[in-house]
2 protein chains.
Amino acid sequence: MESISQTEENYLKAIYKIAERAEKPASTNAIAAAMSTSAASVTDMIKRLSEKDLVNYERYRGVTMTKTGQKIATTLIRKHRLWEVFLVEKLDFSWDEVHDIAEQLEHIQSRELITRLDEYLKFPRFDPHGDPIPDEDGVFTFRKQVLLAEMEEAEEGVIVGVHDHTSDFLQYLDRMKLTLGTEIKLVERYAYDDSIKMLLGDSKEIVISKKVSQHLFVQKK
Amino acid sequence: MESISQTEENYLKAIYKIAERAEKPASTNAIAAAMSTSAASVTDMIKRLSEKDLVNYERYRGVTMTKTGQKIATTLIRKHRLWEVFLVEKLDFSWDEVHDIAEQLEHIQSRELITRLDEYLKFPRFDPHGDPIPDEDGVFTFRKQVLLAEMEEAEEGVIVGVHDHTSDFLQYLDRMKLTLGTEIKLVERYAYDDSIKMLLGDSKEIVISKKVSQHLFVQKK
DNA sequence: AAGTATTTTTAGGTTAATCTAAAAATTTAT
DNA sequence: ATAAATTTTTAGATTAACCTAAAAATACTT
């Protein structure tokens, strides 16, 4: 069994997120940006990962992931999100504080640990930000969701996720009581700036900006 | 704030354990043995730690710890032992399975995490092996305890700790029902091989070898 | 106190992961 | 389609953490 460093793991996760999202090879520059490093370092690392058959690499052509690489990446995402649930549910952290700690915890090596943690948390399917937690085989639960910005007037739904994980945004949502699980109804959209007036629960009315509406996922009723 | 690597942390912990136990400088060879590495590598590392004022070093004289180094070492021990409690109490691991995982978890960097974990676990003072958990200032709870081997016939006490952390020993104790908290009474010591007959609780009688008796800590009644 | 054994350090080298600067390949624009 | 701009790779260095082998210092023995 080949050993794999924490740095290599982080590259794999970054490549997975880029390549999977775009459904095409991840470019050297995109990886460099994601890892806050130089393109030269990325080329170096890609060669090493390719040696180990964790990615497919053709020079100047970008990188895709092998089955093995994908497995490692989804396991990392699984571990990260399970730990986030633990931190929020058990240790009472708020959703804007857990990312950096989970970023470290995801590298702890122990199959058994994750199995037991999952069980202890009662097999959660989504993390505190509403992102799906892949199962042991790397399969994500799919949920039919839209951006609040894409909804029509009078439509109703439940807030189920965020598309911006910065603490600024998350803290804003807390202050506005726009937490996950909140039922909403779109009252009116103002064409001038695409801001939206909506009903929270069945009493409170608030207005949010276009930007906010583009960062909230809603499951329609 | 100087950054400190995981490797450096492990050296500090090893040096702390050696120097503290012996109450004199840790020798290069002793550190090399503890870290399963060469004496040359230890000399290298010691110089680096000394540069950062984490240890006091005089060549050919061995190493002692500075206040800063001690703080780091006791914090590591605190984190290790708190995580062990978590693994056993919450995730239902047995006491012989937790060491390697805690060895990784102790390097997670977050003050807040440890504060909250401690609270979540209800501020335990001892880990699953009976070892004391230092407080935030690095102070260990002291407990008056003796080795079972040092007890006299007819004396009574409670098993409170182990002096051998190998899984072989811990599993043996499980099988013999010699777990922490068990009340015992020394019935007879056989001079021939220093094996001991003792009473477990108030019904079961068992005989243990000298070796076992030298690895069990007892708090006398 | 001299000689032997042990411990510790130095010297010199390796590997992973990084960097900057320059060269090469590819893409975009005229 | 050629030039200009961009992206990617190579070249060459650096640093942390390790190694082996040889030299130096200290400790043990008689």
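The values are calculated or read from the model by the stated rules, or taken from the named source; none is laboratory data. If you're wondering where the values come from, they're calculated on a predicted model, not measured in any experiment. With ideal geometry, Cβ positions are generated from the backbone for all residues, glycine too; neighbour counts draw on all protein chains shown. The protein model used for the area step is the full one, side chains on, heavy atoms only, and it has no ligands, DNA or RNA in it. Shrake-Rupley method; radii C 1.70, N 1.55, O 1.52, S 1.80 Å.
Tally the residues that are touching a residue at least 60 places away in the same chain (Cβ under 8 Å) and either away from DNA strand C (no atom under 15 Å from the Cβ) or open to solvent by 50 Å² or more (accessible area, probe 1.4 Å) (or both), restricting the search to the stretch A:1-15.
Summing the residues that are touching a residue at least 60 places away in the same chain (Cβ under 8 Å) and either away from DNA strand C (no atom under 15 Å from the Cβ) or open to solvent by 50 Å² or more (accessible area, probe 1.4 Å) (or both) in the stretch A:1-15 gives 1.
State which residue pairs qualify: first residue open to solvent by 20 Å² or more (accessible area, probe 1.4 Å) and inside the stretch B:203-221, second residue of a type in the set (S, T, N, Q) in any location, beta carbons under 8 Å apart, and separation of 6 or more residues or different chains.
Note: pairs meeting the criteria are B:207/B:195; B:209/B:195; B:210/B:195; B:217/B:145; B:219/B:145.
Condition (residue is within 17 Å of residue A:108 (Cα to Cα), within 14 Å of chain A (Cβ to nearest Cβ) and within 12 Å of DNA strand D (Cβ to nearest atom)) applied to the stretch B:8-25: is it met by at least one residue?
yes
Across the stretch A:37-46, what is the total count of residues that are more than 7 Å from DNA strand D (Cβ to nearest atom) and either more than 16 Å from residue A:9 (Cβ to Cβ) or of a type in the set (D, E, K, R) (or both)?
1
What helices (runs of 4 or more DSSP H) lie completely within the stretch B:72-189 and have 3 or more residues being within 14 Å of chain A (Cβ to nearest Cβ) and surrounded by 17 or more Cβ atoms within 10 Å (Cβ to Cβ)?
Output list reads B:99-105, B:111-120.
For residue B:197, state whether it is among the charged types (D, E, K, R) and in contact with a Phe, Trp or Tyr (Cβ under 9 Å, 6 or more places away or on another chain). Break it down stepwise before answering.
Working: among the charged types (D, E, K, R): yes; in contact with a Phe, Trp or Tyr (Cβ under 9 Å, 6 or more places away or on another chain): yes.
So residue B:197 passes the test.
Which ones in the stretch A:19-32 are open to solvent by 40 Å² or more (accessible area, probe 1.4 Å) and under 11 Å from residue A:63 (Cβ atoms)?
A:24, A:25, A:27, A:28
Whether any residue in the stretch B:33-42 is touching a residue at least 12 places away in the same chain (Cβ under 8 Å), open to solvent by less than 70 Å² (accessible area, probe 1.4 Å), assigned to a helix (DSSP H, G or I) and over 25 Å from residue B:127 (Cα atoms) is what I want to check.
yes
Please determine, by comparing only the residues of the stretch A:58-82 that are hydroxyl-bearing (Ser, Thr, Tyr) and within 19 Å of residue A:21 (Cβ to Cβ), which one is farthest from DNA strand C (Cβ to nearest atom).
If we take residues in the stretch A:58-82 being hydroxyl-bearing (Ser, Thr, Tyr) and within 19 Å of residue A:21 (Cβ to Cβ), then A:74 is farthest from DNA strand C (Cβ to nearest atom).
Can you tell me which residue within the stretch B:57-71, out of those that are more than 16 Å from DNA strand D (Cβ to nearest atom) and among the polar types (S, T, N, Q), is least open to solvent (accessible area, probe 1.4 Å)?
B:66
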